[in-house]
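Working notes, beginning with the structure itself.
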Amino acid sequence: MERHRTSDQRRACLLAVQIFTKNASTWKERTFSGKDTRLFDEARKKTGIQHIASHTSYLINLASPEKKKYAMSCEALEQELIRCEILETPKGKSEKDWDEVNLTKLRGFLR
């Protein structure tokens with residue numbers, strides 16, 4: 001998360017943004033520290049941005065015929081959902097649909 005971007009967005013009076021929660025061009029995953037999530041939340045409140053969407057990695061291909069790439073894609077998508085949960089970023093039309101039962105269903109589908 002690049003902190004300077006939210007300041008730029010505030011100047012532009014944006015109410016919604018799309019972010020990458022990791023480098024979109026690599027399989028390498030990252031975990032957020034408490035400091036990361038605190039800074040993200042502070043920036044969101046400071047800027048008044050109301051809607052945040054996460055853009056997944058460009059590498060994810062859930063239709064890949066290659067078993068290894070398919071498995072990596074499933075894992076990457078699951079990790080993306082976890083990062084969204086940590087940042088409290090909506091994962092679809094209705095946040096209420098994303099309770100633990102539905103996340104478990106999605107994880108089952110991805111396996």
Subject >> Test result for SER73, part of a helix (DSSP H, G or I) and either out of contact with any strand residue (DSSP E or B) (no Cβ under 6 Å at 6 or more places or on another chain) or modelled with pLDDT of 75 or more (or both) >> reply: yes
**OP:** For residues that are charged (D, E, K, R) and closer than 19 Å to HIS51 by Cα, scanning just segment 10-37, find the one that is modelled with the lowest pLDDT.
**Re:** ARG10
Original post:
For segment 24-71, how many residues are farther than 19 Å from GLU85 by Cβ, polar (S, T, N, Q) and either in contact with a Lys or Arg (Cβ under 6 Å, 6 or more places away or on another chain) or free of Cβ contacts under 8 Å to residues at least 24 places away in the same chain (or both)?
Top reply: 3
Subject >> Within segment 76-111, considering residues that are surrounded by fewer than 16 Cβ atoms within 10 Å (Cβ to Cβ) and among the basic types (Lys, Arg), the one modelled with the highest pLDDT >> reply: LYS105
Subject >> Members of segment 28-70 found to be surrounded by 11 or more Cβ atoms within 10 Å (Cβ to Cβ), touching a Phe, Trp or Tyr at 6+ places or on another chain (Cβ under 9 Å) and either part of a loop (DSSP other than H, G, I, E, B) or acidic (Asp, Glu) (or both), listed by number >> reply: PHE32, HIS55, THR56, SER57, LEU59, ASN61, LEU62, SER64
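The values are calculated or read from the model by the stated rules, or taken from the named source; none is laboratory data. Keep in mind that this is a model prediction, so the values were computed, not measured. Positions of Cβ are backbone-derived with ideal geometry, glycine not excepted, and every protein chain shown enters the neighbour counts.
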